[in-house]
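Input: a single structure, listed below in structure tokens.
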Amino acid sequence: MRDIDNDNPDLEKLIQVADPYHGQGTNYLHTSTSSIDHGSIENPTGAVVVPISLATTFEQSSPGKATAPEDPNSMGLGYEYSRTGNPTRGAFERAMVQAEQGANYCVAFSSGSAATSAVMHLLQHGDHFLCIDDVYGGTQRYFRRILSPVSGVKVDFVDMGNVEELKFKNNTKLLWLESPTNPTLKITDIRKIAETCHNHNCLLAVDSTFCSPYFQSPLLLGADLVVHSVTKYIGGHSDVVMGVVACNDSGLHKKLRFVQNGVGAVPSPFDCFLAHRGLKTLHVRMEAAARNAMAIALFLQEHPAVEGVLYPGLKSHPQHELAKRQQHGFGAMVSFSCLGGRAEAATFLKNLRVFCLAESLGAVESLAESPSLMTHASLPDEQRALLGIDDSLIRLSCGIESCRDLVEDLQQALDVVREEINDNGIAKRQKF
């Protein structure tokens, strides 16, 4: 946006207060429906919302000639069959390109796991890749129990805290990174990892779901591929399951398009409509949720029934300074250790009234879960122990409800735990 030609300091101050969103929001909110395009082939009706195109097939003017290749939402390919290309899906993918800074392309899939699988289809039998050890349970399960034994692609799960100690092999083709990680919120220096990967002719894929495109831009830091579970912050309303892969290289984009069409794990037009609608408020929701998360993290630090808090916005977080440099904000995920063990954590979770006891994250409503029993239950016990994912660990996804209501909810649930602890004589330890 150009600078406003106005010397009124009060107006400039008002604009800054009203727009804390780092200049984001306008591009991806108006992609495919901008008044600039009114009456064009892209938007002939002038509708301000992208229509849901339910057609599975499209009439051709002559055999083998796709329809409407001039429509930007067809990526220049036109339409012939909805698995290959759909106007509603194309509109969402183009909006995502605007949201993910540094991206030239975005490919949508039917889930975050399908997006992960699409990236792995870039590898071949006999290839090797590195994966951060503290990774989403569903991702490690897919890598360990499906991809590796079925496809012959080998993986090593490693701590990425010390880049110099990473061991690349001659057949290492990819490094898979989560930053922040799920659920212990470890942060890795993406720029440094990217430089190391490229020195070894290795691609870097970053799952940036916890930050969303609003709080982190891995492609600008040197990543080759960015993966998001759209189900989380981008959709933002717990009503759609989707995933995306973004990149800035045309060769990678063509390969991902081929996988999208060939494997067929595509989202429905209605899902794309919902995801697109959610994306339009991403910047507003992320700021509100992050404010709540910071207040909640500060509250948890002081409660006697809490042994340790993990939140990148806290100065006590091991990678706090890195988060300040690398991210545009600290996000809305908070993990903490409840005093006691499984029983006390269960007491806390069962006594919540505003937070919902449920898996997933990134929605307008606040969610709480036990990683060891829920999202990361598929990890081997010894791996969970190594990563610090014990039965006392609680993961919170902070929503956009009243901050006071959320803090008071946590207070009353933790007070029940404290009474239980006092009755049982459990001593407090300091974790993290």
Legend entry - Where W176 falls short, out of the listed (1) modelled with pLDDT under 95; (2) under 29 Å from D391 (Cα atoms): (1)
Legend entry - Cβ pairs under 8 Å, 6+ apart, first in region 353-364 and within 24 Å of H283 (Cβ to Cβ), second modelled with pLDDT under 95 and crowded, with 16+ Cβ neighbours inside 10 Å: none
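Results for (1) of a type in the set (A, V, I, L, M, F, W, C); (2) out of contact with any Phe, Trp or Tyr (no Cβ under 9 Å at 6 or more places or on another chain); (3) not in a loop (DSSP other than H, G, I, E, B), shown as yes or no for each residue.
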residue	(1), (2), (3)
K65	no, yes, no
A95	yes, no, yes
F129	yes, no, yes
R141	no, yes, yes
Inset, instruction - Considering (1) within 28 Å of G222 (Cβ to Cβ); (2) free of Cβ contacts under 8 Å to residues at least 40 places away in the same chain; (3) surrounded by 15 or more Cβ atoms within 10 Å (Cβ to Cβ), say which one A290 fails and leave the rest. - result: (2)
Inset, instruction - Return only the number of the condition from (1) at pLDDT below 90; (2) closer than 22 Å to M242 by Cα; (3) of a type outside the set (G, A, S) that N424 does not satisfy. - result: (2)
Inset, instruction - Would you confirm whether any residue within region 276-286 is of a type in the set (V, I, T) and surrounded by 18 or more Cβ atoms within 10 Å (Cβ to Cβ)? - result: no
Inset, instruction - State which residue is surrounded by the most Cβ atoms within 10 Å (Cβ to Cβ) when the search covers only region 224-238 and only residues that are touching a residue at least 40 places away in the same chain (Cβ under 8 Å) and farther than 16 Å from S397 by Cβ. - result: V226
Legend entry - Subset tally (residues that are within 20 Å of F92 (Cβ to Cβ), at pLDDT 90 or above and of a type in the set (D, E)) for region 34-78: 2
Inset, instruction - Select from region 331-384 the residues that are of a type in the set (A, V, I, L, M), in a loop (DSSP other than H, G, I, E, B) and more than 17 Å from the chain's Cα centre (by Cα) and list them in ascending order. - result: L339, L352, V354, A358, L373, M374, A377, L379
Inset, instruction - State all residues of region 53-88 that are open to solvent by less than 60 Å² (accessible area, probe 1.4 Å), on the phi > 0 side of the Ramachandran plot and in contact (Cβ under 8 Å) with a residue 40 or more places away in the chain; if no residue qualifies, say none. - result: none
Inset, instruction - Identify all residues within region 103-127 that are part of a loop (DSSP other than H, G, I, E, B), more than 18 Å from L274 (Cα to Cα), of a type in the set (G, A, S) and open to solvent by 30 Å² or more (accessible area, probe 1.4 Å); write none if there are none. - result: G126
Legend entry - Enumeration of residues in region 165-177 that are under 30 Å from K315 (Cβ atoms) and surrounded by fewer than 23 Cβ atoms within 10 Å (Cβ to Cβ): E165, L166
Inset, instruction - Evaluate the following for T196: is it in contact (Cβ under 8 Å) with a residue 24 or more places away in the chain, open to solvent by 10 Å² or more (accessible area, probe 1.4 Å) and under 13 Å from the mean Cα position of the chain (by Cα)? - result: no
Inset, instruction - Filter region 398-412 down to residues that are closer than 17 Å to V309 by Cβ and in contact with a Lys or Arg (Cβ under 8 Å, 6 or more places away or on another chain) and give me whichever is surrounded by the fewest Cβ atoms within 10 Å (Cβ to Cβ). - result: C403
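The values are calculated or read from the model by the stated rules, or taken from the named source; none is laboratory data. It should be emphasised that the depicted structure is a prediction, and the values quoted were computed from it without experimental measurement. Glycine gets a Cβ as well: all are built from the backbone with ideal geometry, and neighbour counts include every protein chain shown. Keep in mind that these areas ignore ligands, DNA and RNA; they rest on the heavy atoms of the full protein, side chains included. Shrake-Rupley method; radii C 1.70, N 1.55, O 1.52, S 1.80 Å.
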